[in-house]
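First comes the structure, then the notes that go with it.
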Amino acid sequence: MSREKTSIHGEWSSRLAFIIAATGSAVGLGNIWKFPYITGENGGGAFVIVYLLCVAMIGLPVMMAEVLLGKRGRSSPINTMRIIAKEGGHSRLWQLLGWLGVIAGFLILSYYSVIAGWALAYIPTLASDMFAAVNTMPQNDVADFAGSVFNNLVGDPLRLMFWHSLFMMVTITMVIGGVRGGLERAVQFMMPALFIVLLVLVGYAMNTPEFMKGLHFMFDVDFNKLFYPNGEDWSGKGLLAAMGQAFFSLSLGMGAIMVYGAYLPKQASIAQTTTAVVVADTLVAILAGLIIFPIVFSNGLEVNAGPGLVFHTLPIAFGQMPFGSVFGTLFFVLLALAAWSSAISLLEPAVAWLVETVKLSRVTATMACGVAIWLVGFATIYSFNIWSDIKPLSMLSGFENKTIFDLIDYLTSNIMLPLGGLFIAIFVAWLMKRQIVANELDTSPDTLGFRFWHFLLRYVAPIAVILIFLNAIGVLS
Ligand code: PHE
């Protein structure tokens, strides 16, 4: 049945176009900005292993499920869930899953755009060759210099506002362009270019004095660091952070991948395409770590510097390497492009729903959402300066130091996305008929591959998500 339907918003020109777009959604600030700094905050190796396990055992199966839902429903996530639930005789409430995703997408994009704005702001900074100064100053001053450049930026609400606004304006323009015009074309050239620049940077990192120390930090597995972050009290928070990061980095649990699945041409193998996306995404995150940590240790920086980590470290490297201002400028341009290709997928579910159901034009729908998100973004901007002392949940243990930005990030990555993923897994693996699901995957329910995937989705993923949730609340400690 679903095979004859296509989405009213258009369709990818080929299977490869879908892979490129989905990779564009997955690869972004999550890999290059977030992965290194939360790995740093959570002690390194053990966190990385848990993250990789979450990607393989939860992320990949859930991504297949999400694409499959989109491909069958051919609509925005809200309507896809409504249509498929109705078709199977299940509760209308399943469309709330779509709503959860739309809200998560709104909240994520509101801060994502601010951080992407940092990357934009660093383009002129690097182009000006200001960081060449690190070659002539005493080694001890290098870290302070990089830190002060960053703090000057985030301490200035007006500058942040400028770059955030620019980022949102371009995002809106790209989403208005629609499936083929905007989304597809943008990503095609950027991904390979980003990959090449990352490889160049890995080459640089390999020649820093502390490359091995960086490797050890990332790959020496010491679970004490994950579970006993302060040496004494047991904590399940690191586990939750690793799972949240897997969902965030793979763009899962909020409908971004589902809505892209809705634009998938009929004969495209979901298993192969999603595997390609997951592998590419993971590779970029690992490469980013391999670049950042050696630079951190070689320059006496702090691994747990938090959200500023990438902005503290990379400019120093660019200052020191030949043609650094060229590579540095290029790097931040590519990072901004990678952020844009993720941002459009954060906005698309809401826009698609407004077009389908409220019958707004694509232009009006995108502008309305974009402006609302832009305004919410101000809360994040102020979290780094005039509101940096506001800690709304400071009465709760573990939340004492969380700013509004920290809370939005925590709520979305660690709670909303895994919750979305949990319900997607339950819906596809427990409620949908195996035969229907197998048809969408172009396979038979009896093949080994299908049974393995179904088992992961039915038992492993939901149980893991629930256990990790309970763990973090402390119920299981
Ligand atoms: N995966 C994107 C990144 O790593 C962020 C994202 C999350 C995009 C959720 C869409 C949905 O930067």
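With R₀ fixed at 45 Å, the C-beta to C-beta distance from THR6 to ASN140 puts the FRET efficiency at about 0.15.
Measuring with a 1.4 angstrom probe and ignoring ligands and nucleic acids, ILE83 comes out at about 50 Å² accessible. In this label model, SER148 and ILE390 are separated by 3.0 nm, measuring between points 7 Å along each Cα→Cβ vector. In order along the stretch 315-326, phi translates into HN-Hα couplings of x, 5, 4, 5, x, 8, 8, x, 6, x, 5, 5 Hz, rounded to whole numbers, per the Karplus curve 6.51 cos²θ - 1.76 cosθ + 1.60 with θ = phi - 60° and x for Gly and Pro.
Taken over the C-alpha atoms, the chain has Rg and Dmax values of 21.6, 70 angstrom. For PHE248, the accessible area of its heavy atoms, probed at 1.4 Å with every protein chain present, is near 20 square angstrom. Each residue of the stretch 452-459 is assigned a 3J(HN,Hα), and the resulting list reads 5, 4, 4, 5, 4, 6, 7, 10 Hz, derived from the Karplus form 6.51 cos²θ - 1.76 cosθ + 1.60 (θ = phi - 60°), x at Gly and Pro. Per-residue SASA remark: VAL326, around 90 Å² accessible (1.4 Å probe; ligands, DNA and RNA not included).
Expressed as a whole percentage, what fraction of the accessible surface of the stretch 2-472 belongs to carbon and sulfur atoms when a 1.4 Å probe is rolled over the protein heavy atoms?
66 percent
For the chain, the solvent-accessible area of protein heavy atoms averages 38 Å² per residue (probe radius 1.4 Å; ligands and nucleic acids excluded).
Sort ARG451, ARG82, ARG72 by heavy-atom solvent-accessible area, probe 1.4 angstrom, most to least.
Order by accessible area, largest first: ARG451, ARG82, ARG72.
Taking 7 Å steps out from each Cα toward its Cβ at LYS359 and LEU199 produces label points 5.3 nm apart. Going by Cα centres, the stretch 375-411 and the stretch 22-37 are how many Å apart? Cα centroid to Cα centroid, the span is 22 Å. Working note: Karplus 6.51/-1.76/1.60 with θ = phi - 60° gives the stretch 387-393 the couplings 9, 5, 8, 7, 10, x, 10 Hz, where Gly and Pro are set to x. Note on the stretch 41-64 and the stretch 274-325: Cα centroid distance 19 Å, given to the nearest whole angstrom.
The values are calculated or read from the model by the stated rules, or taken from the named source; none is laboratory data. From a predicted model like this one, the values you see are computed outputs, not experimental measurements. Ideal geometry is used to build each Cβ from the backbone, glycine not excepted, and the neighbour counts take in all protein chains shown. Surface areas here come from the heavy atoms of the whole protein model, side chains and all, with no ligands, DNA or RNA. Shrake-Rupley method; radii C 1.70, N 1.55, O 1.52, S 1.80 Å.
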